[in-house]
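Chemist: Supplied in structure tokens, the structure appears directly below.
What follows is calculated from the coordinates using simple rules that are stated; it is not laboratory data. All figures in this text were calculated on a predicted structure; none of them were measured in a lab. As a convention, Cβ positions derive from the backbone with ideal geometry for all residues, glycine included, and neighbour counts pool all protein chains shown.
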Amino acid sequence: PTYGAYAATKAAQELFANVLAKELEGRMISVNAMAPGLVNTTLFTDGKTPEQIAGFAARTPHKRLGEPSDIADAIAALWSGDGAWINGQTVFANGGIV
């Protein structure tokens, strides 16, 4: 419950990144969407018990929540020259959680 609007806006962001990448054709501008997974911020942890948080962390191959720096590093990679050929994509920075 209450996640309908949240999910709809995330889906819209993914589609927007894909469409905008095509609309900017020829301008050498890459557009991507970032889809972070479970990140150790109050947005995720507030209202959860330590046991619940540990249970979520255990679901990832690294057995931890992501940190804001993990997401920042993924974004920095896209912004660098190394990420120039990634365009119109949704990048899942989620530690392998499915």
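Chemist: Can you pull out the chymotrypsin sites (Phe, Trp or Tyr not before Pro) in the chain that DSSP calls coil and that have at most 11 other Cβ atoms within 10 Å?
Modeler: When the chymotrypsin sites (Phe, Trp or Tyr not before Pro) of the chain are filtered for loop state and at most 11 Cβ neighbours within 10 Å, TYR3, TRP85 remain.
Chemist: Follow-up question, since we're still on this one. Straight distance only, please: which lysines reach the Cα of LYS22 with their own Cα at less than 27 Å, same-chain residues fewer than 8 apart left out?
Modeler: Leaving aside lysines fewer than 8 places away in the same chain, those within reach of LYS22 are LYS10.
Chemist: Now, a different point. Between LEU15 and LYS63, what length in nm is gained on full extension when 0.36 nm per residue of separation is reduced by their alpha carbon distance?
Modeler: 14.2 nm is the gain from fully extending LEU15 to LYS63.
Chemist: Rg to Rh ratio, region 4-93, alpha-carbon atoms and Kirkwood radius?
Modeler: Rg/Rh: 1.06.
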